[in-house]
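The values are calculated or read from the model by the stated rules, or taken from the named source; none is laboratory data. Predicted model only: the values in this text are computed from it and were never measured. Cβ: placed from backbone, ideal geometry, glycine included. Neighbour counts: every protein chain shown.
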Amino acid sequence: MKNVPASNPAHDPAKGQTAKLSVYVSSSPHVHTPEDVPWIMRQVVYALIPGALVGVYFFGIPAIKVIAVAVASCVAMEALWQKLTGSPLTINDGSAALTGLLLAMNLPSGAPWWLVVIGSFVAIIIAKQIFGGIGNNPFNPALVGRVFLLISFPVAMTTWPEPRSFFTQAADATTGATPLGALKTAIFEHGTIGAAPEMNLMDPFLGNVGGSLGEISALALLLGGVYLIARKIITWHIPVTYVGTVVVITGIFWLINPDGYANPVFHLVAGGLMLGAFFMATDMVTSPITNTGKIIFAVGCGVITVVIRLWGGYPEGVSFAILIMNAFVPLINSATKPAKFGAVR
Amino acid sequence: MKTFKGGVHPPEEKKLVKDNPIVSFPLSSRYYVLVQQHLGAPAKPIVSAGDEVRKGQVLSEPLGFVSVPVHAPTSGKVKEIGRMVHPVTGLLAPCIVIDADGKDEWADGLPLERDPFSMSREELLNAIKSAGIVGMGGATFPTHVKLSPPKDKPIDTFIVNGAECEPYLSSDHRLMLEQPERILKGTRVAMRILGLDRATVAVEANKPDAIRLLREKAPADIQIEALKVKYPQGAEKQLINALTKREVPSGGLPMDVGAVVQNAGTCAAVWDACAHGIPLIERITSVTGRGVVQPKNIRVRVGTLVGEVIEFCGGLNEAAKIIFGGPMMGIAQFTQEIPIMKGTSGVLVLREEDTNITLYSACISCGRCVEACPMGLIPSVLSKLGEKGMWEKAVENDLLDCVECGSCTYVCPANRPIVHFVKHLKALSRAASAKSKGA
């Protein structure tokens, strides 16, 4: 059987565009959502802006410096690594810049530039690129960077400048404690929570407290978190379950012994819970795929956070809790497969 | 409103062509009738070069039950029987070339007049098979096979699929608006064959005019159901699930849950075959997309070259992709020198900015594909296995349940070609099982 030249006497291909037709051929589908990886990363950055602005307002120019150094060094580290290893450049996907911003949000505003650069190195090179780059890292890169610094440079990482209005910043800023730090000290020294939680809860809600530059305002972080949920970047499952678990467990202990344990609202607004629950634990790469998996993951994060806060050596446990639960993600994923359509039950 | 779990909402893009009434594509001078236009056993040409044929004359003989013949789209002479590119498989396939004589004369006795409601079930099935009718939504499974389920599979539900959930396409929509009687009468014939006293015509809610008209025209035993607008609402298993809550079991067929689904256009063709003996030689096709100058809904003979059809619609305009079918499941073509087939519901021409040709990157485990998958699978895992060709592991991860609807790939922010990987893995799995059977 010979091949038929598909042509028609009445239809001259040379006259039409047929002769010079050059088209793409690929598998279906042929249309695609505009919501790509850089778009997602941009949305998260937008959502972090209120929290970052509150940090800049209360900590001034040093906070801007930390953010700038972190973002620039993370992007530079990634570019340098990819240049050295000859792998494709991925800094345009926005993930390195986002890691830099998240790292900065998790650092004290007084962190010296070299500390920030070391944190960026650990986050981008050790936690991300060594594992194969975006999508392949088991642990949240920004948190790995932060925890590395916390363990290696405990003094620099727990020197908290006092919050002041941006317009009254002094050159020799005084330092103080974070609300959770004050709580831990009180329990350590007096065996009771003392005066720490009696502070005006509006201060940590709005951000007028000591802490990492991006964690101080529960309100600003909540705004960003609601934006992420509204934009369908994240679902409610991780933040609501995480925060809920912390509130429920700390609430139980507070009801049993209000002198020995701070109230759950204090635990909600103080420390890094809001930043962790909305922005760190929800990192797509290092959290479970299904909604059931996300709930299990978030309950784990909440329990570990409370255990560290109430009985651990560190005043704050959000970073450790998320990193520990990151390790369980593959296990959670394989245990929470979605219900297959038409599965023989 | 009724629907299924999962799915996506790609832009509908139907306004390009949905209000354009069906126009008849003029008679062409040469037709290319592919012998295999159905899913199933092959058929064998029974004409030779030089033979005179007339419109509606049988050109091939089906080899087996799951097979149908093709027919001459017009009167003329068989120029040759050769091979040409098959738009679905991409392989060279047998093709009967017919030079039209311009008279467009029907074969003897066609079209005829008879009352399908006085015919027996066997007579009706025979009429449908010999008219070469296949599923016209694109799957092209022989209709007479679908309408003859085995005795141990009792059928209680007959659904006419007018969902047309693929973006851009409006051929079923136009048919429902312009010829609702043909669809409804064909539905009655199918009900008679299946021994049912009711049927449901399912239409996505974005076609309110069609829903209104069908409700006006439909007899009491045919119910018109509006469905939520969501892709892939018209996929057989999802459609059955939306209307009956039943799930076609994994690896099973609709008849396993007592259901039969036929496309609206197929029902119209069933009527023509049973009442008039007219074989499937023409169909309604949407020629659309911004890559074609004047999008049109055309009534076109099977075997017409796509190049001619596109020229009829004003020619190409910055065309980057030519697709048989819709943008979600259609097949990209590399040439215009291929014929319209029985299953060609649309010819879609996309410009570069309407389609997606960027490179893909690593999976970021966002879970959007899992949310979108109407089959409850984890497409991200299949795509990662696809990159490595690990088909055995993929089969363990429900590879064979994938219906390739494209929802996962549409939403993937890393732009991963998940459907492509699935097709590749399925091919590897098929090749391996063929090899083990041969050994």
query = Could you list, in sequence order, the residues of the range A:331-345 that are without any contact (Cβ under 8 Å) to a residue 12 or more places away in the chain and in a helix (DSSP H, G or I)?
reply = A:331, A:334
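Does the range A:299-316 contain at least one residue that is within 14 Å of chain B (Cβ to nearest Cβ), in a helix (DSSP H, G or I) and more than 16 Å from residue A:279 (Cβ to Cβ)?
Here is the first cut: in the range A:299-316, the residues within 14 Å of chain B (Cβ to nearest Cβ) are none.
No, there is no match, as no residue in the range A:299-316 is within 14 Å of chain B (Cβ to nearest Cβ), in a helix (DSSP H, G or I) and more than 16 Å from residue A:279 (Cβ to Cβ).
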Search result, residues across the range B:58-82 that are out of contact with any Asp or Glu (no Cβ under 7 Å at 6 or more places or on another chain), within 12 Å of chain A (Cβ to nearest Cβ) and buried (at least 16 other Cβ atoms within 10 Å of the Cβ) = B:81, B:82
task = For residue A:214, state whether it is surrounded by 21 or more Cβ atoms within 10 Å (Cβ to Cβ), under 13 Å from the mean Cα position of the chain (by Cα) and assigned to a loop (DSSP other than H, G, I, E, B).
result = yes
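Could you tell me whether the range B:312-335 includes any residue that is away from chain A (no Cβ under 14 Å) and part of a strand (DSSP E or B)?
Residues of the range B:312-335 away from chain A (no Cβ under 14 Å): none.
Taking every residue of the range B:312-335 in turn, none turns out to be away from chain A (no Cβ under 14 Å) and part of a strand (DSSP E or B).
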key: The lone exception for residue B:302 - which of (1) in contact with a helix residue (DSSP H, G or I) (Cβ under 7 Å, 6 or more places away or on another chain); (2) β-branched (Val, Ile, Thr); (3) more than 11 Å from chain A (Cβ to nearest Cβ) it fails   = (1)
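Out of curiosity, is residue A:260 surrounded by fewer than 22 Cβ atoms within 10 Å (Cβ to Cβ) and under 21 Å from residue A:212 (Cβ atoms)? Can you show your working first?
On the way: surrounded by fewer than 22 Cβ atoms within 10 Å (Cβ to Cβ): yes; under 21 Å from residue A:212 (Cβ atoms): no.
Here the answer is no, as residue A:260 does not meet what is asked.
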task = Kindly indicate the residue of the range B:1-38 that is of a type in the set (Gly, Ala, Ser) and crowded, with 20+ Cβ neighbours inside 10 Å and also farthest from the other protein chains (Cβ to nearest Cβ) among those meeting that condition.
result = B:7
message = If I filter the range B:350-385 down to residues being more than 9 Å from chain A (Cβ to nearest Cβ) and within 30 Å of residue B:294 (Cβ to Cβ), which single residue comes out as farthest from the chain's Cα centre (by Cα)?
response = B:353
ask   = Given B:108, B:51, B:115, B:104, which one is away from chain A (no Cβ under 14 Å), touching a Leu at 6+ places or on another chain (Cβ under 8 Å) and surrounded by fewer than 21 Cβ atoms within 10 Å (Cβ to Cβ)?
value = B:104
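Within the range A:257-273, track down each residue that is within 19 Å of residue A:224 (Cβ to Cβ) and without any contact (Cβ under 8 Å) to a residue 60 or more places away in the chain. Steps first, please.
We begin by selecting, within the range A:257-273, every residue within 19 Å of residue A:224 (Cβ to Cβ); these are A:268-273.
Across the range A:257-273, the qualifying residues are A:268, A:273.
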ask   = Checking residue A:107 against (1) modelled with pLDDT of 95 or more; (2) assigned to a helix (DSSP H, G or I); (3) not basic (Lys, Arg), which single condition isn't satisfied?
value = (2)
ask   = Within the range B:374-419, how many residues are farther than 24 Å from residue B:167 by Cα and touching a residue at least 60 places away in the same chain (Cβ under 8 Å)?
value = 2
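Yes/no matrix, rows are residues, columns are (1) buried (at least 21 other Cβ atoms within 10 Å of the Cβ); (2) at pLDDT below 95; (3) of a type in the set (A, V, I, L, M):
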position: B:372; (1), (2), (3): yes, no, yes
position: B:383; (1), (2), (3): yes, no, no
position: B:390; (1), (2), (3): no, no, yes
position: B:405; (1), (2), (3): yes, no, no
position: B:410; (1), (2), (3): yes, no, no
position: B:421; (1), (2), (3): yes, no, no
position: B:433; (1), (2), (3): no, yes, no
position: B:437; (1), (2), (3): no, yes, no
request  = Output the number of residues of the range A:217-249 satisfying the condition of being part of a loop (DSSP other than H, G, I, E, B) and of a type in the set (Ser, Thr, Tyr).
outcome  = 2
task = Return only the number of the condition from (1) in contact with a helix residue (DSSP H, G or I) (Cβ under 6 Å, 6 or more places away or on another chain); (2) without any contact (Cβ under 8 Å) to a residue 24 or more places away in the chain; (3) under 17 Å from residue A:314 (Cα atoms); (4) of a type in the set (A, V, I, L, M, F, W, C) that residue A:127 does not satisfy.
result = (3)
Residue B:330, sole failed condition from (1) outside the structural domain of residue B:163 (by TED's automatic domain parsing); (2) touching an Asp or Glu at 6+ places or on another chain (Cβ under 8 Å) = (1)
ask   = Out of the residues in the range A:1-38 that are outside any loop (DSSP other than H, G, I, E, B) and facing chain B (nearest Cβ under 7 Å), which is modelled with the lowest pLDDT?
value = A:18
remark   = The condition from (1) of a type in the set (A, V, I, L, M, F, W, C); (2) farther than 30 Å from residue B:242 by Cβ; (3) at pLDDT 95 or above that residue A:295 misses is numbered (2)
ask   = Does residue B:291 count as more than 20 Å from residue B:164 (Cβ to Cβ), crowded, with 22+ Cβ neighbours inside 10 Å and not assigned by TED's automatic domain parsing to the domain that holds residue B:409?
value = yes
